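Reviewing the structure listed below.
The values are calculated or read from the model by the stated rules, or taken from the named source; none is laboratory data. Predicted, not measured: the structure shown is a model, and the values here were computed from it. With ideal geometry, Cβ positions are generated from the backbone for all residues, glycine too; neighbour counts draw on all protein chains shown. To get the accessible areas, we keep the full protein, side chains included, count just its heavy atoms, and leave off ligands, DNA and RNA. Shrake-Rupley method; radii C 1.70, N 1.55, O 1.52, S 1.80 Å.
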Amino acid sequence: MRGLTVLRLLAFLAAAVAIAPLIGVVAAAFGDGRADIAAADLVRYALTSMALAFLVGLSTAVLGSVSAWLVVMHSFPGRNIFAWALALPLAAPAFAVAYAYADLFDVAGELRTWMRAVPGLDWGPQMRSLPGAAFVLSLAFYPYVYLTVRAALVNQSSQAIEAARSLGCSPTQALVRVALPLLRPALAAGVALAVMETLADYGAVQFLSVQTLTTGVVRSWFVYGSLEAAARLALPLLGAAALLLWIERLSRKGRTDEAARARWRPIQPTPLEGGRGLLALAFCIGLLTLGLFLPAGWLAIKALDISPDWPRLVRAASHSLGLGLGGAIATVILATCLALSAERMPFTARISSLGYATPGAVMAIGLLAPASLLWQNVPGAVSGLGVGLLLLIYAYAARLMAAALEPVEAGLTRVTPSMVSAARTLGRSETGAALAVRLPIASGAMLTAVLVVFIDVVKELPATLILRPFNVDTLAVIADNYARDERLPNAGWPSLMILALTLPAVIWLTRKITASRPGDLNGRH
Amino acid sequence: MADTDAMVLVTGVSRVFGRRIAIDRADLTLMRGRILGLLGASGSGKSTLLRTIAGLESIDAGTIAIDGRVVSTPGLALAPENRRVGMVFQDFALFPHLTVAQNVGFGLKGRADRDAVVGRLLERLRIVDQSQAFPHTLSGGEQQRVALARALARDPAVILLDEPFSSLDGSLRGEVREDLMETLRETGTSAIVVTHDAEDAMIMAEDLALMDGGRVIQTGTPRDLYNNPTSVAAARLLGPLNLVEARVHQGVATSVLGQKSAILPDGPVRMGIRPTDLRLTGPAQGLQARVASVSFAGGYCVVRVKTDTVALSLHLPGEAPRTGDVVGLTVDPARLMVLPD
């Protein structure tokens, strides 16, 4: 029925939470404070960000789509394990991968020393450079492309290819004329996600000495204390975020509809015999090694050399865990409020997704202006610690609302409109029907959303750096602190502990995603 | 009949979605304890009308009263949960996270009362063995019975059934229909059944309303409507129909099929005859036609014939002529329908 209901009101509130920091950024950027940014610096940062985004976009497109095409369309040893394992690098924070490779290829490092001594080679990639950063971020973010392209390949069903074959196409022609065009939207969506993450990254690029808009935002705040300068640097990032989000959403229009899913039949993979099978195996092992095993292993070797500061690590781990869970639960509650009305308020739902493409640093800057007002005007009302933690969770929720909204919305599609109508005619109000029918049915999807947000929050660095209360360090923050001091073995410990927190969740999620099939109701929970 | 006997009274109801008029000044009456069929093609507005009665859609004009109480006007809509209506949905809409017993008891408050009502309904509808099963493990017929039990559990003033058989196939359909009718009659429940299937409507309903283009175009008993439709749309809704051009002159309509008196102004009209009401005679008698095709349809044959001016279809039990035969056709004038053009 029409009018403002409780559910709609909650949805508007959730959307307001997501949008407010973005408005804060724009307001701060056009504020009358001093913002001494040289135009040349702004252009340099922007060009570096664009170049990095281009390189990462290109290489994640290749790595993600080749690995997805190998795993879905072919059978070779280990295929079933790689189907989910290839997404595991999502568990590793990009800055940890950067630490490992920078150290591995350091001129004075063990590897380069050994190479000079034994094969007599004095060469190695320069990781502290734009190509080095692109290499690291591509390994960290290719799973976004892998997962979206893989899903599209699995969804497309053998019928489209069989129809092409029956109309006279050879297998190669069917691939070129039917399968590849069908993949284009998924590829665009995956690359858009990888580029969003690239633009949002702070820890890895900062460590590799690449100056992007995001490092500029954080520096403006920390070094110059200028909110206005930070906000002005954040504006192009906001524009890019909106563009990427638009590309990602646009690409969804081409996805498989429900009717096609009902007729879905699995693709019969082509067996890769002998050398070709081994080549495919080597590609997958190589990618997984470069993206996860090598950096994690190298950090572990380095970390074992020293005795860590356990009390500090444990305290930081408890902060990461607490903020991760708190942030995840708050985000999923807000996303659920939005999802319950999303069908009738599509614009509100979409606009609140803008935060997802917005870098955490920008989100934090957007919250600083209202936060300082709060601190100045309500002294003693809430402790600084409480407000700080609240702001941090707020920033996570605003940034990750869309990440949680997607699985929750998908879960709610299992509730047909007639189920809600049935609950209404059986005596429940709109809110009552949501509590008794819609939420219990979507509970599994809500758990998925909690895990998705948890993984992102535990890995998050820039917003945490800017907004965290004094003395509240997360694992990501102390890893960054150690890395700034070039104490790599020390940075290894918190990085590996982040991995220990996120890896089980990533394994559970990727196994669940890769095990599901089109038309599947995602299991009965 | 007095309005006090009306369980549901729909008066001049309209519902507009954007530019599309889904319901156009509809009038409808469901008498207490009776089963009313609402028959129409897809998009005719019948399901929307049912949803407005349930309170799931608001209305833009008119009033809806249930058991003497106005529940919908353009400015006011009593919430669905407060209307005392039970609804059985096309897809049954069973809650997948609840067992059969929990589904049936969903709308009841108070544990003791709930267990007693659920037990009685499960027994009546012969699904007591499945009380702890989840809906996805049930057959289509069992799911339908659970949906009916759930709707009956709150002792509603009226039960609304939206295409209750459309997701059931052939043999099961007839069986479930019988069960449903028996239960509704035993419980003395007033019910509105929405369907697009003429056979379902005529077998189940004691009173019938025909909908077309958002309007209720005719109401009456199924037999009356079948034999005396007042429009081509109404005649077509109730079954296959042959239509030919005709003309009224001084109260008599004339066509190739024959003549029939008609209270219509002079001018062109249409004359209709059901395929079951055309008879074959010898080749030299009646209207001369050539058999164009013969198809076997189980209990009868569909015979398509052509005269010099019209093509007609016959449903013939028993022996059928062969394609190419010349046949004669006779028509009982009483079976002819004169329909405004």
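For this structure, a couple of remarks:
Matching residues to (1) more than 25 Å from residue B:31 (Cβ to Cβ); (2) in contact with a Gly (Cβ under 6 Å, 6 or more places away or on another chain); (3) loosely packed, with under 15 Cβ neighbours inside 10 Å; (4) among the hydrophobic types (A, V, I, L, M, F, W, C):
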{"site": "B:95", "(1), (2), (3), (4)": "yes, no, no, yes"}
{"site": "B:100", "(1), (2), (3), (4)": "yes, no, no, yes"}
{"site": "B:129", "(1), (2), (3), (4)": "yes, no, yes, no"}
{"site": "B:164", "(1), (2), (3), (4)": "no, no, no, no"}
{"site": "B:173", "(1), (2), (3), (4)": "yes, no, no, no"}
{"site": "B:183", "(1), (2), (3), (4)": "no, no, no, no"}
{"site": "B:192", "(1), (2), (3), (4)": "no, no, no, yes"}
{"site": "B:210", "(1), (2), (3), (4)": "no, no, no, yes"}
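- Count - residues of the stretch A:471-481 that are part of a helix (DSSP H, G or I), surrounded by fewer than 21 Cβ atoms within 10 Å (Cβ to Cβ) and touching a residue at least 12 places away in the same chain (Cβ under 8 Å): 1
- Criterion (over 27 Å from residue B:117 (Cα atoms) and in a strand (DSSP E or B)) met by exactly one of B:160, B:208: B:208
- The stretch B:77-93: number of residues that are in a helix (DSSP H, G or I), facing chain A (nearest Cβ under 7 Å) and surrounded by fewer than 17 Cβ atoms within 10 Å (Cβ to Cβ): 0
- Subset tally (residues that are assigned to a helix (DSSP H, G or I) and either buried (at least 21 other Cβ atoms within 10 Å of the Cβ) or facing chain B (nearest Cβ under 10 Å) (or both)) for the stretch A:424-437: 8
- Pairs where the first residue, in the stretch A:412-423, is more than 8 Å from every other protein chain (Cβ to nearest Cβ) and the second is in a helix (DSSP H, G or I) and open to solvent by 40 Å² or more (accessible area, probe 1.4 Å), C-beta under 7 Å, 6+ apart: A:412/A:438; A:415/A:438; A:420/A:438
- The set of residues in the stretch A:188-247 being under 23 Å from residue A:456 (Cα atoms) and of a type in the set (D, E, K, R) consists of A:197, A:201, A:219.
- For the residues A:468, A:487, the requirement of being open to solvent by 10 Å² or more (accessible area, probe 1.4 Å), under 16 Å from residue A:393 (Cβ atoms) and of a type in the set (Lys, Arg) singles out A:468.
- Condition met for residue B:18 (of a type in the set (Gly, Ala, Ser), out of contact with any helix residue (DSSP H, G or I) (no Cβ under 7 Å at 6 or more places or on another chain), open to solvent by 30 Å² or more (accessible area, probe 1.4 Å) and under 21 Å from residue B:188 (Cβ atoms)): no
- Of the residues making up the stretch A:313-335, one or more are part of a helix (DSSP H, G or I), among the polar types (S, T, N, Q), crowded, with 23+ Cβ neighbours inside 10 Å and at pLDDT 80 or above.
- Any hit, the stretch B:115-123, residues being away from every other protein chain (no Cβ under 13 Å), free of Cβ contacts under 8 Å to residues at least 40 places away in the same chain, among the small types (Gly, Ala, Ser) and under 30 Å from residue B:220 (Cα atoms): no
- Some residue of the stretch A:441-458 being open to solvent by 20 Å² or more (accessible area, probe 1.4 Å) and either in a loop (DSSP other than H, G, I, E, B) or of a type in the set (Asp, Glu) (or both): yes
- In the stretch B:170-196, the residues that are under 17 Å from residue B:92 (Cα atoms) reach residues that are crowded, with 16+ Cβ neighbours inside 10 Å and at pLDDT below 85 with C-beta atoms within less than 8 angstrom, at least six apart or across chains, in these pairs: B:176/B:168.
- Identity of the residue in the stretch B:160-202, within 14 Å of chain A (Cβ to nearest Cβ) and small (Gly, Ala, Ser), that ends up farthest from the chain's Cα centre (by Cα): B:167
- Selection within the stretch A:205-227 - out of contact with any Gly (no Cβ under 9 Å at 6 or more places or on another chain), surrounded by 23 or more Cβ atoms within 10 Å (Cβ to Cβ) and part of a loop (DSSP other than H, G, I, E, B): A:212
- Being farther than 27 Å from residue B:51 by Cα and either among the β-branched types (Val, Ile, Thr) or within 12 Å of chain A (Cβ to nearest Cβ) (or both) holds for only one residue in B:128, B:100, and it is B:128.
- Filter pass, residue B:142 being open to solvent by 20 Å² or more (accessible area, probe 1.4 Å), closer than 26 Å to residue B:166 by Cβ and not assigned by TED's automatic domain parsing to the domain that holds residue B:53: yes
- Residue count for the stretch B:131-147 under the criterion of being more than 12 Å from chain A (Cβ to nearest Cβ) and either under 30 Å from residue B:66 (Cα atoms) or under 20 Å from the mean Cα position of the chain (by Cα) (or both): the result is 5.
- Among the conditions (1) surrounded by fewer than 19 Cβ atoms within 10 Å (Cβ to Cβ); (2) touching a residue at least 24 places away in the same chain (Cβ under 8 Å), residue B:199 misses just one, which is (2).
- Which numbered condition residue B:37 fails, given (1) of a type outside the set (A, V, I, L, M, F, W, C); (2) open to solvent by less than 20 Å² (accessible area, probe 1.4 Å); (3) assigned to a strand (DSSP E or B); (4) more than 24 Å from residue B:184 (Cα to Cα): (4)
- Strands (runs of 3 or more DSSP E) contained entirely in the stretch B:298-341, each with at least 2 residues that are charged (D, E, K, R): B:301-306
- When the stretch B:56-76 is filtered for residues that are within 15 Å of residue B:11 (Cα to Cα) and within 9 Å of chain A (Cβ to nearest Cβ), only B:58 remains.
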